[in-house]
Amino acid sequence: MRILLADAFPAAQLAELADHGHDCDYRPDTTADQLPDRLDGFDALVVRSTRVAAAALERADGLRLVIRAGAGTNTIDCAAASRLGIHVCNVPGRNAAAVAELAFALLLALDRNICDNVTDLRAGRWDKKRYSRARGILGRRVGVIGLGQIGLAFAERAAAFGMAVHAVAKPGRAPETLERANAIGVHFVDDLTTLARTCDVLSLHAPATDATRHLIDADLLAHVRPGTIILNTARGELVDEEALIEAMADKEIRVGVDVYADEPATSTGRIESRLARHPNVYGTHHIGASTEQAQQAVAAEVVRMVDAFESGTVLHCVNPQPATHSGERS
């Protein structure tokens with residue numbers, strides 16, 4: 001297969017793809033605007049952050065497979081891919097530990113004011129009295145919104161630190177999900193409003209869909225307890241940022257965030273985000289999955305998926321019933 005890799009990809013797995021007979025074109029600096037001009041002649045596309053719009057897919061003359069080297073596929077026009085007979089696949093679960101680790105790091109940093117501690121020390125300011133004030137997380141109630149692989153990984157870490165884990169009951173959950181939740185000791189509540197009223201911490205781990213857009217909005221924030229910590233390492237679309245900024249002023253909410261509504265599409269540049277600049281916010285640069293361990297695990301699964309596809313098996317397909325690919329498109 002001819003494969004365009006349009007984002008960073010580990011060298012060892014890139015070499016493995018070549019060893020398996022695939023023709024790889026590695027262009028990690030490809031932008032969304034450049035992508036339409038680069039897809040001709042390729043059977044497969046592998047991306048991480050690069051957006052894949054309908055216009056790019058329509059220009060591709062033989063594309064059969066798009067792999068998102070991560071879990072979320074909201075940056076890919078899956079409807080257009082289905083219409084064009086292109087399979088869109090993700091790599092679920094392989095980066096769950098990395099994202100959960102970052103979410104938990106943000107929680108601990110917020111509770112102990114780590115970032116402000118470091119900033120003051122680097123500036124030569126000693127203020128032990130101020131930084132001795134912290135609530136601690138032992139026994140605090142954390143609401144996990146989204147019990148996928150990442151949400152469960154975060155819940156396991158929270159429970160290990162002695163937190164009481166809560167989540168919203170949802171019909172139709174897989175038996176293995178319920179088994180892990182029960183092993184953690186997750187307490188289920190009826191709805192999101194109850195979760196907001198009950199918990200000291202809310203951690204978001206849901207996908208970005210029409211149903212989850214602005215899941216955290218003014219109505220829900222009205223039920224959040226004063227002093228609540230809100231963590232978002234999932235998708236910026238889950239939060240109404242303006243409503244959250246207003247609630248932070250009214251309720252002394254503190255926020256740990258790795259994703260933003262209008263974050264840059266490139267790896268470097270400027271971000272114009274009121275949320276990122278807010279003094280109640282500890283923010284990172286959408287790096288949740290960016291550990292060496294996670295990227296190696298994701299890349300290994302990408303290799304397995306490409307080999308399987310060439311043998312006629314489609315793994316982790318997320319778009320509904322792609323039409324049979326008919327070769328070159330006009």
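Key figures
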| item | result |
| --- | --- |
| Whole-Å distance, taken between Cα centres, linking the stretch 136-155 and the stretch 15-93 | 33 |
| Under-5 Å amide H pairs with R141, H placed in peptide plane, nonlocal only | A164, D200, V201 |
| Whole-Hz ³J(HN,Hα) from phi, Karplus 6.51 cos²θ - 1.76 cosθ + 1.60, for the stretch 26-33, glycine and proline x | 9, 10, x, 9, 5, 9, 4, 5 |
| For H187, distant residues with modelled amide H under 5 Å away | V165, H166, A167 |
| Zone residues, the stretch 65-84, relative to R51, backbone N less than 17 Å from point 7 Å out along Cα-to-Cβ | 72-81 |
| Positive minus negative residues near N117 (Lys, Arg vs Asp, Glu; Cβ under 15 Å) | +4 |
| Linear extension gain, H214 paired with R197, 0.36 nm per residue minus alpha-carbon span | 4.3 nm |
| Summed residue charge, Cβ within 10 Å of Q149's Cβ, Lys/Arg positive, Asp/Glu negative | +2 |
| Dipole of the chain, positive direction: furthest Cα of A249, A8, A261, with charges on the beta-carbon | A249 |
| Spin-label pair S267/D190, simplified geometry with 7 Å Cα→Cβ offset, distance in nm | 5.0 |
| Selection of GluC sites (Glu not before Pro), the stretch 220-301, meeting DSSP coil and at most 16 other Cβ within 10 Å | E252, E272 |
| Dipole magnitude of the chain about its Cα centre (Cβ charges: Lys, Arg +1; Asp, Glu -1), debye to nearest 20 | 1320 |
| Computed over the chain: relative contact order in percent, which uses C-alpha pairs under 8 Å that are six or more apart | 20 |
| (1) 32, 23, 18; (2) 38, 22, 19; (3) 46, 27, 17, with the label sought being that of the calculated semi-axes √(5λ) of the Cα gyration tensor in Å | (2) |
| Charge sum, other residues only, whose C-beta stays under 14 Å from V99's C-beta, Lys/Arg counted +1 and Asp/Glu -1 | +1 |
| Under the Karplus curve 6.51 cos²θ - 1.76 cosθ + 1.60, θ = phi - 60°, whole-Hz ³J(HN,Hα) for the stretch 88-99, x wherever Gly or Pro sits | 10, 10, 10, 10, x, x, 6, 10, 4, 5, 4, 5 |
| Residues with amide H under 5 Å from that of V88, placed H, sequence gap 5 or more | V66, V318, N319 |
| Derived scalar couplings ³J(HN,Hα) [the stretch 66-74; Karplus, 6.51 cos²θ - 1.76 cosθ + 1.60; whole Hz; x for Gly, Pro] | 10, 10, 8, 6, x, 8, x, 10, 5 |
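Just so you know, all these numbers are worked out from the coordinates, no wet-lab data involved. If you're wondering where the values come from, they're calculated on a predicted model, not measured in any experiment. Glycine gets a Cβ as well: all are built from the backbone with ideal geometry, and neighbour counts include every protein chain shown.
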